[in-house]
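> Here it is, the structure, as structure tokens.
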Amino acid sequence: MKIGLLTGGGDCPGLNAVIRAVVRRASRSGSEVLGIRNGWAGLLKGLVEPLTDYSVAGILPKGGTILGTSRTNPFTSRESVQKCFDHFRRYGLDALVAVGGEDTLGVASLFHKEGMPVVGVPKTIDNDLPGTDYTFGFDTAVNVAMEAIDRLHSTAESHQRIMVVEVMGRDSGWIATVAGMAGGADYILVPEQPYDIDEVCNSLKQRHARGRRFSIVVVAEGAVSKEGRLVAQAPGVDEFGHVRLGGIGTLIAREIEERTGFETRVTILGHVQRGGSPSAFDRVLGTRFGLRAVDLLHEGRSGRMVALSGSRIVDIPLPEPGQEKRSLDMQLYRDAATFFG
Ligand code: F6P
């Protein structure tokens with residue numbers, strides 16, 4: 001088989017593990033892999049490069065994706081869809097492995113419906129894709145955020161300040177909750193649970209009244225106030241209709257300082273959470289996903305997405321575009337909340 005391989009959407013640690021595994025499994029079974037550059041943009045423009053065991057050697061510990069990525073949506077016009085099919089045929093491809101989040105996989109499912117054999121591999125640091133217990137990238141991002149929280153503890157304590165840490169998580173509070181729990185956060189704000197700033201401040205005041213002189217507040221970038229306020233960084237939306245989030249931490253810090261009188265600072269972690277070398281968990285999950293994706297194509301089972309169920313790699317149908325996200329397990333949030341205040 002000749003298999004096209006692309007990575008789309010926001011990058012995350014572990015993508016190179018998938019690429020390496022796809023190439024290894026394919027080459028050991030007599031198939032070829034053509035890397036498509038920059039996600040769906042590469043299929044649209046015909047940007048390809050052969051991938052061999054040699055070209056993927058040494059990429060396992062590297063962050064990002066050697067293939068590049070973009071948030072391109074070819075389904076914005078029929079002409080673009082046709083161009084993708086033209087390139088698919090011109091390069092003699094039999095099938096595609098698309099590695100990405102909800103948007104990339106939604107496009108994969110549309111191509112599959114139009115007759116292109118595609119298998120999906122789920123990725124996102126946000127961990128909010130339905131059908132898989134974990135996505136790779138999440139564990140690394142959580143560890144980055146946890147380490148930041150650990151570091152903020154000592155400076156917060158020295159200065160007797162409140163530290164607000166903004167983490168990623170467009171629609172879900174997985175990173176905020178797991179990193180906050182691991183780092184011992186004193187309050188966590190997530191998109192799934194609209195927050196009341198008065199409640200946050202009262203909880204912090206009570207903690208300080210009990211003699212604690214500093215606090216750590218973790219806020220997911222997509223957290224919304226009970227009045228429904230969401231903070232965007234820039235006007236407009238991308239090709240999939242997403243606003244660019246970021247900055248809610250600054251607002252929360254200002255509100256906390258004004259309402260409590262405690263000196264407050266903010267740290268916005270941003271893309272630091274997506275960069276750098278993947279954790280062992282993410283390397284292994286990415287590797288297992290990549291191997292299974294090629295197996296599915298060799299078995300003639302396209303239109304599927306690999307997924308983690310417990311400790312097993314399974315496969316499920318490719319997600320439909322706009323499918324509902326996997327929101328945070330609220331029991332986990334309640335467990336984390338036991339330590340608030
Ligand atoms: O979807 C993953 C994610 O990291 C979100 O948490 C975040 O809102 C978004 O990507 C940022 O994307 P970009 O790289 O386009 O700024």
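The values are calculated or read from the model by the stated rules, or taken from the named source; none is laboratory data. Everything numeric in this text was worked out from a predicted model, so none of it was measured. Here the Cβ positions follow ideal geometry from the backbone for every residue, glycine too, while neighbour counts run over all protein chains shown. For accessibility, only protein heavy atoms count, side chains too; no ligands or nucleic acids. Shrake-Rupley method; radii C 1.70, N 1.55, O 1.52, S 1.80 Å.
> Return the only residue of ARG265, ARG254, ARG259, ARG283 being modelled with pLDDT of 95 or more and in contact with a Phe, Trp or Tyr (Cβ under 9 Å, 6 or more places away or on another chain).
So the residue among ARG265, ARG254, ARG259, ARG283 that is modelled with pLDDT of 95 or more and in contact with a Phe, Trp or Tyr (Cβ under 9 Å, 6 or more places away or on another chain) is ARG283.
> Quick one: which residue in GLY35, GLY8 is on the phi < 0 side of the Ramachandran plot and either more than 16 Å from the ligand (Cβ to nearest atom) or of a type in the set (Lys, Arg) (or both)?
Testing whether each residue is on the phi < 0 side of the Ramachandran plot and either more than 16 Å from the ligand (Cβ to nearest atom) or of a type in the set (Lys, Arg) (or both) leaves just GLY35.
> Spot the failing condition for THR104; the list is (1) more than 18 Å from LEU285 (Cα to Cα); (2) open to solvent by 60 Å² or more (accessible area, probe 1.4 Å), and only one is missed.
With respect to (1) more than 18 Å from LEU285 (Cα to Cα); (2) open to solvent by 60 Å² or more (accessible area, probe 1.4 Å), THR104 is out only on (2).
> For the range 243-341, please list each of the strands (runs of 3 or more DSSP E) lying entirely inside it that holds at least 2 residues being open to solvent by less than 50 Å² (accessible area, probe 1.4 Å), of a type outside the set (A, V, I, L, M) and not assigned by TED's automatic domain parsing to the domain that holds PHE111. Lay out the reasoning, then the answer.
Values: elements: 264-268, 304-309, 312-317.
Once the strands (runs of 3 or more DSSP E) in the range 243-341 are filtered for at least 2 residues that are open to solvent by less than 50 Å² (accessible area, probe 1.4 Å), of a type outside the set (A, V, I, L, M) and not assigned by TED's automatic domain parsing to the domain that holds PHE111, what remains is 264-268.
> Here's a follow-up. Hey, among the residues in the range 17-32 that are more than 26 Å from the chain's Cα centre (by Cα) and farther than 8 Å from VAL294 by Cβ, which one's least open to solvent (accessible area, probe 1.4 Å)?
If we take residues in the range 17-32 being more than 26 Å from the chain's Cα centre (by Cα) and farther than 8 Å from VAL294 by Cβ, then SER27 is least open to solvent (accessible area, probe 1.4 Å).
> For the range 126-158, how many residues meet the condition of being more than 23 Å from VAL294 (Cβ to Cβ), among the β-branched types (Val, Ile, Thr) and touching a Pro at 6+ places or on another chain (Cβ under 8 Å)?
Number satisfying all stated conditions: 1.
> Follow-up question, since we're still on this one. Among what's in the range 110-123 and is open to solvent by 20 Å² or more (accessible area, probe 1.4 Å) and not in a loop (DSSP other than H, G, I, E, B), pick the residue that is farthest from the ligand (Cβ to nearest atom). Lay out the reasoning, then the answer.
Kept after step one, since they are open to solvent by 20 Å² or more (accessible area, probe 1.4 Å), are these residues of the range 110-123: 110, 112-115, 117.
Narrowing further to those that are not in a loop (DSSP other than H, G, I, E, B): 110, 112-113.
Numbers: LEU110: 19, HIS112: 22, LYS113: 24 Å.
Once the filter is applied, the top-ranked residue is LYS113.
> If you take the residues in the range 61-93 that are among the polar types (S, T, N, Q) and without any contact (Cβ under 8 Å) to a residue 60 or more places away in the chain, which one is most open to solvent (accessible area, probe 1.4 Å)? Please lay out each step first, then the result.
In the first step, residues of the range 61-93 are kept if they are among the polar types (S, T, N, Q); the result is 65, 69-70, 72-73, 76-77, 80, 82.
Filter again for without any contact (Cβ under 8 Å) to a residue 60 or more places away in the chain, leaving 65, 77, 80, 82.
Values: THR65: 26, SER77: 41, SER80: 22, GLN82: 89 Å².
For the range 61-93, the residue satisfying everything is GLN82.
> Could you tell me whether any residue of the range 124-132 is within 30 Å of ARG89 (Cα to Cα) and either without any contact (Cβ under 8 Å) to a residue 12 or more places away in the chain or open to solvent by 10 Å² or more (accessible area, probe 1.4 Å) (or both)?
Looking for residues that are within 30 Å of ARG89 (Cα to Cα) and either without any contact (Cβ under 8 Å) to a residue 12 or more places away in the chain or open to solvent by 10 Å² or more (accessible area, probe 1.4 Å) (or both), one finds at least one in the range 124-132, hence yes.
> Of the numbered conditions (1) touching a strand residue (DSSP E or B) at 6+ places or on another chain (Cβ under 9 Å); (2) touching a residue at least 40 places away in the same chain (Cβ under 8 Å); (3) in a loop (DSSP other than H, G, I, E, B), LEU96 fails exactly one; give the number of that condition.
Unmet for LEU96, out of (1) touching a strand residue (DSSP E or B) at 6+ places or on another chain (Cβ under 9 Å); (2) touching a residue at least 40 places away in the same chain (Cβ under 8 Å); (3) in a loop (DSSP other than H, G, I, E, B): (3).
> May I pose another question? Spot the failing condition for GLY180; the list is (1) of a type in the set (Gly, Ala, Ser); (2) crowded, with 24+ Cβ neighbours inside 10 Å; (3) not in a helix (DSSP H, G or I), and only one is missed.
Checking GLY180 against (1) of a type in the set (Gly, Ala, Ser); (2) crowded, with 24+ Cβ neighbours inside 10 Å; (3) not in a helix (DSSP H, G or I), the one that fails is (3).
> Considering only residues of the range 205-230 that are closer than 20 Å to HIS271 by Cα and open to solvent by less than 20 Å² (accessible area, probe 1.4 Å), which is farthest from the ligand (Cβ to nearest atom)?
Step by step, filter the range 205-230, then rank; the result is VAL217.
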